[in-house]
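Worksheet: the structure to be examined is printed underneath.
The values are calculated or read from the model by the stated rules, or taken from the named source; none is laboratory data. On a predicted model such as this, the values are computed, not experimentally measured, just so you know. Note that each Cβ is placed from the backbone with ideal geometry, even for glycine, and that neighbours are counted across all protein chains shown.
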Amino acid sequence: MDQFLFFLVAFLAVASAVYFVFARNPLYAILSLIVTMFSIAGMYVLLNAQFLAIIQIIVYAGAIMVLFLYILMMLNLNKQDESKKNNTLKFVGVFTAGLLLIGVLGVFRGVQNNHVVVENVDRGIGLTKNLGRLLFNEYVLPFELASILILAGIVGAVLIGKKDL
């Protein structure tokens with residue numbers, strides 16, 4: 001069951017990433033990128049790395065995607081597309097909201113009969129202590145290279161944003 005869920009979430013991540021690349025509307029591209037970020041967080045949960053999943057949602061799907069959406073709304077790139085809204089999208093939205101409501105009701109109904117059997121569980125997996133130990137011992141070189149890459153991106157953004165040198 002876990003392997004099926006992993007492949008399902010991985011397929012969703014790859015499909016939404018491909019849609020992001022080929023989308024013509026920038027708003028749909030950003031929304032598909034948000035789906036990709038949530039799918040990656042779902043893969044982290046399935047790999048028992050809950051801390052990384054929460055960080056993925058907070059940093060990427062939360063902060064960066066909100067920034068992208070804010071910039072897109074400030075630019076207002078699709079003024080001419082406002083009159084071409086379709087009723088099919090409204091129907092799809094209502095249908096998916098109904099499916100979500102049915103799923104939530106099913107979850108609340110199933111919570112009453114929830115019995116979890118815990119056998120031979122390694123309590124050390126997914127802890128931030130183990131993650132820090134791995135980052136600063138085994139993977140210190142890739143971690144430092146990633147920090148240099150982020151610093152170069154910040155310096156580049158400041159130089160591009162600054163009019164006069």
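For the reader, a short list of remarks on this structure follows.
- Single residue of the stretch 40-54 satisfying the filter (in a helix (DSSP H, G or I) and small (Gly, Ala, Ser)) that is surrounded by the most Cβ atoms within 10 Å (Cβ to Cβ): 41
- Residue in the stretch 26-47 that is at pLDDT below 80 and farther than 25 Å from residue 131 by Cα present: yes
- Tally of residues being modelled with pLDDT of 85 or more and outside any helix (DSSP H, G or I) across the stretch 110-165: 1
- Cβ pairs under 8 Å, 6+ apart, first in the stretch 51-64 and outside the structural domain of residue 132 (by the TED database), second small (Gly, Ala, Ser) and modelled with pLDDT under 85: 51/126
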